[in-house]
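These notes are about the structure you will find just below.
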């Protein structure tokens, strides 16, 4: 394999957020996000140690991304962004544009943003805002955004650990306190804030009233997937859309076989326990919330738990 490596351990990058908690790292200011896989993720091991995923894609794109990634998207290199989020307070009420809107409103090289959430841990009664209340029309929605009452037309949804939600571009949404989750999205970070709970605006954190009013659709609260990890070993799909998909995998001490088949990379994030990954002659152990990428060209690999049952999220490209 010309890429010279099939298994890549990735370094997380922690981001301070005003709404963050202490689950990702004890810190003041608090840490709200860990960016665990995206174009600027640093590789920790092997012949590409110290390089970013984008740098490897630029030189060996088809081997890392696979045939599903060969279609490309406006020259973007690594096509997804995966995060862990720790929410101790409400995030802003926000919306993301679609691809056409992003190019028109933010620049010709920009992409829209569809994202998905998988809730790892939730406090009792934890809620999100997702879509709008039944009967809310486009004009009423735009008025609410402009007069600062977006929260009043947004639908509140109680969520629990083990549930997954897809948030298409154009959907009004917000994460509430008491949530710890995995997020997967298009490789875009365009966010339009419709309302920010009265927090002071700054150059780094401002409202986008007219942009939000233009791109938000009167989408009513969406149904939730409730993926159940099998009691034995195996996988079940949580979310699938045109941009990405991910599944939950339960692993025991007996090796579980997997194969990229040259089609797409596999992005592995352990959510409970520890997992040993064997890919060709490479072996690595992922602790809880650590992430590795299996290159598409790697083909067959295996997973087994270390010290007891383990679970992970496996993300990839569709197609």
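The values are calculated or read from the model by the stated rules, or taken from the named source; none is laboratory data. Quantities reported herein were computed from a predicted structural model and do not represent experimental measurements. Neighbour counts are summed over all protein chains in view; Cβ atoms, including those assigned to glycine, are modelled from backbone coordinates with ideal geometry.
Can we say residue 230 is more than 30 Å from residue 110 (Cβ to Cβ) and assigned to a loop (DSSP other than H, G, I, E, B)? Taking the combined requirement at face value, the residue satisfies it.
Can you say whether residue 194 is assigned to a strand (DSSP E or B), touching a helix residue (DSSP H, G or I) at 6+ places or on another chain (Cβ under 6 Å) and either at pLDDT below 95 or closer than 17 Å to residue 19 by Cα (or both), as far as the supplied structure shows? Considered against the rule, which asks whether it is assigned to a strand (DSSP E or B), touching a helix residue (DSSP H, G or I) at 6+ places or on another chain (Cβ under 6 Å) and either at pLDDT below 95 or closer than 17 Å to residue 19 by Cα (or both), residue 194 comes out as yes.
Residues of the range 127-162 that are assigned to a loop (DSSP other than H, G, I, E, B) and closer than 13 Å to residue 221 by Cβ: 133, 134, 135, 136, 159. Is it the case that the range 43-63 has a residue that's assigned to a loop (DSSP other than H, G, I, E, B), surrounded by 19 or more Cβ atoms within 10 Å (Cβ to Cβ) and in contact with a strand residue (DSSP E or B) (Cβ under 6 Å, 6 or more places away or on another chain)? Within the range 43-63, not a single residue is assigned to a loop (DSSP other than H, G, I, E, B), surrounded by 19 or more Cβ atoms within 10 Å (Cβ to Cβ) and in contact with a strand residue (DSSP E or B) (Cβ under 6 Å, 6 or more places away or on another chain). Based on what the data block shows, is residue 311 within 21 Å of residue 253 (Cβ to Cβ) and either part of a loop (DSSP other than H, G, I, E, B) or free of Cβ contacts under 8 Å to residues at least 12 places away in the same chain (or both)? Against the criterion (within 21 Å of residue 253 (Cβ to Cβ) and either part of a loop (DSSP other than H, G, I, E, B) or free of Cβ contacts under 8 Å to residues at least 12 places away in the same chain (or both)), residue 311 does not qualify. Of all residues in the range 280-300 being buried (at least 23 other Cβ atoms within 10 Å of the Cβ) and farther than 17 Å from residue 67 by Cβ, which is nearest to the chain's Cα centre (by Cα)? Result: 291.
The residue that is farthest from the chain's Cα centre (by Cα), among those in the range 197-218 that are surrounded by fewer than 18 Cβ atoms within 10 Å (Cβ to Cβ) and outside any loop (DSSP other than H, G, I, E, B), is 210. For residue 231, the criteria (1) in contact (Cβ under 8 Å) with a residue 40 or more places away in the chain; (2) surrounded by fewer than 19 Cβ atoms within 10 Å (Cβ to Cβ); (3) touching a strand residue (DSSP E or B) at 6+ places or on another chain (Cβ under 9 Å) hold in every case but one, which is (1).
Take the conditions (1) without any contact (Cβ under 8 Å) to a residue 40 or more places away in the chain; (2) touching a strand residue (DSSP E or B) at 6+ places or on another chain (Cβ under 8 Å); residue 109 misses just one of them, which is (2). Do we have residue 283 as closer than 24 Å to residue 186 by Cα, at pLDDT 95 or above and in contact with a strand residue (DSSP E or B) (Cβ under 7 Å, 6 or more places away or on another chain) here? No; evaluated as a whole, the condition is false for this residue. Taken over the range 20-42, residues that are farther than 26 Å from residue 284 by Cα and surrounded by 20 or more Cβ atoms within 10 Å (Cβ to Cβ) amount to 4.
For the condition under 29 Å from residue 14 (Cβ atoms) and either touching a strand residue (DSSP E or B) at 6+ places or on another chain (Cβ under 8 Å) or part of a strand (DSSP E or B) (or both), residue 238 qualifies. Taking the conditions (1) out of contact with any helix residue (DSSP H, G or I) (no Cβ under 8 Å at 6 or more places or on another chain); (2) part of a loop (DSSP other than H, G, I, E, B); (3) touching a residue at least 12 places away in the same chain (Cβ under 8 Å) in turn, residue 118 satisfies each one other than (2).
The set of residues in the range 242-260 being assigned to a loop (DSSP other than H, G, I, E, B) and touching a strand residue (DSSP E or B) at 6+ places or on another chain (Cβ under 9 Å) consists of 243, 244, 252, 253, 254, 255, 260.
So which residues in the range 236-261 are surrounded by fewer than 18 Cβ atoms within 10 Å (Cβ to Cβ) and within 20 Å of the chain's Cα centre (by Cα), if there are any at all? Scanning the range 236-261 gives 236, 237, 240, 241, 242. Take the conditions (1) in a strand (DSSP E or B); (2) under 19 Å from residue 317 (Cα atoms); residue 263 misses just one of them, which is (1).
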